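The next block holds one structure in the form of structure tokens; read it before the comments.
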Amino acid sequence: MLNFLTRSGAAPAHRAGRPLVIALVAALAVSLSLVPAGAAPASAEESASLIGQISVPAGVDPENVEVMLRDAGTVEPANYPVTVDREGRFRVDGITAGTYRITASEYGGTHPSGRQLFRSTQFLETGNADMSLSFSAGQEQTRSFTMLPATARISGGFSADTEWDVMYATAYQRINGAWVSFDPAFYEDVQPGTSHYETPLLVPGTYTMQFTAFADVLNTPSNQVWWKDQPGRVTATPIMLSADQEQPDVNGSVDLYRFETVPVPTISGTVRAGSTLTADPGQWSPKPAFAYEWARNGVAIPGATKASYVVTSADVGARITVGVFGRKALYSTEYRVSAPAGTGAPTAERIAGGDRYETAVQVSRVSFVPGVKVAYIANGLSFPDALSGAAAAGAQDGPVLLVAPNSVPASVRSELDRLHPERIVVLGGSGVVSQSVERTLRNYTLGAVERSAGSDRFATSASVSAGSFSPGVGVAYIADGMNFPDALAGAAAAGAQGGPVLLARSNSIPDAVATELRRLKPARIVILGGTGAVGDSVQNALRSYTRGAVTRDQGADRFATAAAVSRSTFAAGAPVAYVANGFGFADALSGAAAAGTQGGPVLLVGPAGIPAATQAELSRLKPKRIVVLGGEGVVSAGVKTQLGRYVTP
């Protein structure tokens, strides 16, 4: 069911609007400033004030009421809601001179995302026929308002035969002969079929409904229809609402065509300073208008929006791609990204940031597009709770991002805002990732912020598995819970094969893990590491949890074990191999999720050399790409150069 207004703001935020919403909320903490759309903020000397007293219907708690001024011309919200006190009083300062309308909304109930929902909403009478309220510079007005009983409602459905990014259903009320809108109900990622909406309770009056669809994250309106299947508000069918009236079946059908052919673009030219790269969008059917977006290591290059691009020195050694938008009237906008431009000779790529948090962000940026189903959040200073999360993230095509125990780094906040994940999963208890961080994360998804946690690292791995995998998985991986290298190498393999990584002690299976294995009933079990990590007694005990084999991927050391995991999982010609420093967990953690999503392994190197086992596996694997995780202080430039010799385009 869709609901219209949320207490967190004037209208629910969607992808393109989230940065603006966050900025406004921050500003609101300083003062409530009312500025009509397009106007400059008023100075203290020029601004007006409203001192209000509102009477509410019987049964309505005044402290559950919020008021908002709206620009009378555009009906855009001029402020975030102002709360009424228990006596019905409120005050708004900092009002720019102009003409407004004022709405009052009663909230009640909670959306699954945690936002409070409005039970009713209405425009307030001001004594003017158009319900307007005007302020001059420096004026202070004292006004009394009456909130009428709201007992009527409109409901219906969005009908679509194509997939939409966002759809709005907006109620309009006829005031003094003009249609004036309330905030819209919204629904994201609308699949083919019908999605239900429901207005808040309304006062008796004349209304109509507008249905608007957005086919891409740019939020350019793609199609619009008014009730009853009318092209504009002039011909919209009125809905006369009386007290206690429920008007159902006010439905809107907003559909777009789909392109028959949407090829992946290609790039001609090589990445050499001063050379020109040219994008070929391919043969689309039917032919659209094209827009281009060149990117360096997954980040858009400012101003690079033409079909050709001149390479700069900053691009040499970087991953240069081009994204192509195809747009055509009445067609859903499509977007495709090319493979990286050629460099003239195979080289390894590097993904790195200023620290472990930024490196994880960069991995996410080049690997995941906005709208991911899930993003996993792990403590960047401690590995145990995060180990199983990398496998779950890879299996669900989502990233692992790192936070400090009590704060979310700015780069991570920015990446979450870009990703707009459907939900967020925090790995570990509040002692690992605090509740304040969990509250912050709620600003970056319209879905739930969940926590996968147990009494210890073993129980947490079982919790992550239980929240991510259904019974009957093809494989479950078992790793030593007291060390990270084997589990991280296994996480990429587990993610690629859609199975969990569970943690065990060297000589026993923790109760929580045993319970999860009984639930999973995996077709087979793979132990990561030798008997020094997970003993023979554990291997024997594991046979009671599967009808298949219990095997072991192991090597003489962590480097050889990672190579053994890769060899048993990935065929030659893999699309990518990720390479990380074998003595640090952070970079490999985010890389394991990306590798699992892309069908490639995580292999380990030393900071200044490639172990023989890793060299042998790269020779066998013949990856089309090699991605080095972390900066030169983690994996040297010389090692990166050597790794380039194993790339087989």
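Structural remarks
- In the condition set (1) assigned to a helix (DSSP H, G or I); (2) farther than 25 Å from residue 471 by Cα, residue 580 is compliant with all but (1).
- Elements of type strands (runs of 3 or more DSSP E) in the range 117-213, at least 1 residues being touching a Leu at 6+ places or on another chain (Cβ under 6 Å), within 29 Å of residue 93 (Cα to Cα) and at pLDDT 85 or above: 140-146
- Residue 365 within 30 Å of residue 464 (Cβ to Cβ) and either surrounded by fewer than 16 Cβ atoms within 10 Å (Cβ to Cβ) or touching a residue at least 40 places away in the same chain (Cβ under 8 Å) (or both): yes
- Residue match in the range 416-424 (condition: crowded, with 18+ Cβ neighbours inside 10 Å, over 16 Å from the mean Cα position of the chain (by Cα), aliphatic (A, V, I, L, M) and at negative phi): no
- Answer residue from the range 80-95, given it is out of contact with any helix residue (DSSP H, G or I) (no Cβ under 8 Å at 6 or more places or on another chain), of a type outside the set (Lys, Arg) and without any contact (Cβ under 8 Å) to a residue 60 or more places away in the chain and is surrounded by the most Cβ atoms within 10 Å (Cβ to Cβ) among those: 90
- Qualifying residues in the range 276-321 (those that are assigned to a strand (DSSP E or B) and of a type in the set (Val, Ile, Thr)) - the one farthest from residue 640 (Cα to Cα): 278
- Selection from the range 341-362 of residues that are small (Gly, Ala, Ser) and surrounded by fewer than 22 Cβ atoms within 10 Å (Cβ to Cβ): 342, 344, 345, 352, 353, 354
- None of 620, 567 is closer than 26 Å to residue 539 by Cα, touching a residue at least 24 places away in the same chain (Cβ under 8 Å) and surrounded by fewer than 20 Cβ atoms within 10 Å (Cβ to Cβ) except 567.
The values are calculated or read from the model by the stated rules, or taken from the named source; none is laboratory data. As the structure is a computational prediction, the values presented were derived from the model and not from experiment. Cβ: placed from backbone, ideal geometry, glycine included. Neighbour counts: every protein chain shown.
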